[in-house]
Amino acid sequence: MLSDQNSNNTILKIWSFQWSKIFLGISITLICLIIAGSFGSVWISPLEIFWIIASQIPILDINHANNPTFQDILFKVRFPRVILALVAGAGLAVAGATYQGLFKNPLADPYLIGVASGSSLAATIVFMTGIPFFIWGLSILPIASFIGGIITVSIAYLISKKSSQTHLTILILAGVAIGSFCTAISSMLMLHHDPDLRSLISWLMGSFINAQWNHTILIIIYALPSFGIIFIYSRIINTLQLDEDYASSLGVNVQKTKIILIVSATLITSSIVSFTGLIGFVGLIAPHTIRILFGNNYRNILPLSALLGGCFLVLSDLIARTIIMPSELPVGLITAFFGAPFFIYLLIQKKNIL
């Protein structure tokens, strides 16, 4: 009886500790959102932002004389951009954590198997061929980039498939090779045409300048179910870290799990790339930082990586749009500025696995 009571107390402490970390992460995320909403060409105090948001919640029944100009700036300009950055960062971090767990390699990120290069090639083709950006009210660019990413990953998967087994090392190498091929075609198309490529370059380097509420909604439609599937498989990902044969002995269908995780993570990445362009290193930095701080349990890594990735990209975008005001930098430059040294650090620390 005493042993059972001690066991229950231990489980309760672990559960409480896990949720305390998530609650802390949510609190920090809200602070980051308010900070990002405050800064810009017009300063809006955090207290003013609090009252504006609170007055929009009917259940609170708060009558506050909001500044209509501030309200328009927040809900029409800054919040669509900030929330899109939050969702994109969270999605890229979850996809990165999934690839790292699946490949058992902390150097993996969402662009490892060619999603980014395939998406950029599709976008380049749209720009170069003069295809209308909008057909029947639908934007062709995100649809094309999504299809390009899916095709690239599918080709890499088919190359790696042999005797009903997916060889992850071959999958990585195939993704790198196909990504290089797509990049070469994109460069050739750009060199042989002479239009104004500034919008294409901005997209290729990642940007939230055209963020809209419907972009966030569409990403959530794709990403949320995929994240749910990945989180359901979090215990199996933990098992895969030990040994695939051991996982099979426990009744895990390893090959089916690989396919489900690859498709889910790729769907998240492709949906984000479709609307934000290519933003690197988020899926590398966030999961590895959480792993250093809180260990290798993917039931912790996945939600905490999502929160950290969202915060990281929100603050990176804040730097990108304010550091050289009134102009702004592509957010991909900011993430690369922080991510490249971090990647070099991982290479040094993990050189034995290369």
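The values are calculated or read from the model by the stated rules, or taken from the named source; none is laboratory data. All of these numbers come straight from a predicted model, not from anything done at the bench. Glycine gets a Cβ as well: all are built from the backbone with ideal geometry, and neighbour counts include every protein chain shown.
Summary of computed values
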| read-out | value |
| --- | --- |
| Residue among Ile268, Ile279, Ile260 that is under 30 Å from Leu204 (Cα atoms), surrounded by fewer than 19 Cβ atoms within 10 Å (Cβ to Cβ), in contact with a helix residue (DSSP H, G or I) (Cβ under 8 Å, 6 or more places away or on another chain) and among the hydrophobic types (A, V, I, L, M, F, W, C) | Ile260 |
| Verdict on Ser249 being at negative phi and touching a helix residue (DSSP H, G or I) at 6+ places or on another chain (Cβ under 6 Å) | no |
| Where a residue in segment 64-83 is under 18 Å from Leu315 (Cα atoms) and at pLDDT 90 or above and its partner, wherever it lies, is of a type in the set (A, V, I, L, M, F, W, C) and part of a helix (DSSP H, G or I), with Cβ under 7 Å and at least six apart | Leu74/Ile49; Leu74/Ile52; Pro80/Trp213; Val82/Leu33; Val82/Ala36; Val82/Val314 |
| Sole residue being at pLDDT below 90 and under 19 Å from the mean Cα position of the chain (by Cα), chosen from Thr335, Thr269 | Thr269 |
| Output for segment 33-58, where each listed residue is assigned to a helix (DSSP H, G or I), over 26 Å from Ala90 (Cβ atoms) and not polar (S, T, N, Q) | Leu47, Glu48, Trp51, Pro58 |
| Subset of segment 283-323 [surrounded by fewer than 19 Cβ atoms within 10 Å (Cβ to Cβ), within 17 Å of Ile28 (Cα to Cα) and touching a residue at least 60 places away in the same chain (Cβ under 8 Å)] | Phe294, Leu315 |
| Tabulated pairs, segment 185-196, first more than 22 Å from Gly114 (Cα to Cα) and modelled with pLDDT of 70 or more, second surrounded by 11 or more Cβ atoms within 10 Å (Cβ to Cβ) and among the aromatic types (Phe, Trp, Tyr), C-beta under 9 angstrom, 6+ apart or interchain | none |
| Selection count, segment 23-44, where residues are surrounded by 14 or more Cβ atoms within 10 Å (Cβ to Cβ) and without any contact (Cβ under 8 Å) to a residue 60 or more places away in the chain | 4 |
| Of all residues making up segment 90-124, the number that are buried (at least 24 other Cβ atoms within 10 Å of the Cβ) and part of a helix (DSSP H, G or I) | 22 |
| Matching option when the condition is surrounded by 15 or more Cβ atoms within 10 Å (Cβ to Cβ), among the aliphatic types (A, V, I, L, M) and either under 20 Å from Ile232 (Cα atoms) or in contact with a Pro (Cβ under 7 Å, 6 or more places away or on another chain) (or both), among Val87, Val77, Val82 | Val87 |
